[in-house]
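Participant: Questions regarding the structure given below will be posed in turn.
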Amino acid sequence: MGVLGENNNSVIAGAFVARGPDYKPVIDVAPDWESYDFEPINLENEADKAYFEAALAWDLEIDGKKWADGKNFK
């Protein structure tokens, strides 16, 4: 997960890797998990694959906002 952009002009984005299609038991332990949108990534889709690889490399850029800081969750 990462913060993209700068103070007062940022977004939070990234990728979680979960075993199987049911991600909710892994994510819903966070008190604010419903504040975010989650959607599966299809690695057969080139745009999804590029997003996933950029998120893992901390090189993700969205709407001109570049990666500023991040955190890996285990």
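Participant: Would you indicate which of (i) 3, 15, 23, 26, 21, 10, 2, 0; (ii) 3, 16, 30, 30, 16, 4, 1, 0; (iii) 3, 11, 10, 12, 14, 15, 13, 8, 6, 5, 3, 1 is the value of P(r) over Cα pairs in 5 Å bins from 0, in percent derived from the coordinates of this structure?
Facilitator: (i)
Participant: Normalising by the residue count of the stretch 1-63, find the relative contact order in percent from Cα pairs under 8 Å and 6+ residues apart.
Facilitator: 33 percent
Participant: To continue, here is another question. Among 45-52, 15-22, how do they line up by average Cβ neighbours within 10 Å per residue, starting with the highest?
Facilitator: Per-residue mean Cβ counts within 10 Å order the peptides as 45-52, 15-22.
Participant: PRE reach from V11 (point 7 Å along Cα→Cβ): which of the stretch 36-74 fall under 11 Å by backbone N?
Facilitator: 61-66
Participant: What are the ³J(HN,Hα) values, in whole Hz, obtained from phi via the Karplus relation 6.51 cos²θ - 1.76 cosθ + 1.60 with θ = phi - 60°, for each residue of the stretch 56-63 in sequence order, with x given for Gly and Pro?
Facilitator: Coupling constants for the stretch 56-63: 5, 8, 6, 10, 5, 9, 10, 6 Hz.
Participant: Want the number for Y36 to K49: 0.36 nm per residue separation, take away the alpha-carbon distance, what's left?
Facilitator: Gain on stretching Y36 to K49: 2.6 nm.
Participant: Accessible area per residue, 1.4 Å probe, Å², for the chain: what's the number?
Facilitator: That works out to 83 Å² for each residue.
Participant: Taking θ = phi - 60°, what integer Hz values does the Karplus form 6.51 cos²θ - 1.76 cosθ + 1.60 yield along the stretch 34-39, in sequence order, with x for Gly and Pro?
Facilitator: Along the stretch 34-39, the couplings run 6, 6, 10, 9, 10, 8 Hz.
The values are calculated or read from the model by the stated rules, or taken from the named source; none is laboratory data. Just so it is clear, the model here is predicted, and its values are computed rather than measured. Backbone-built Cβ (ideal geometry, glycine too); neighbour counts: all protein chains shown. Side chains included, ligands, DNA and RNA excluded: accessible areas come from the protein's heavy atoms. Shrake-Rupley method; radii C 1.70, N 1.55, O 1.52, S 1.80 Å.
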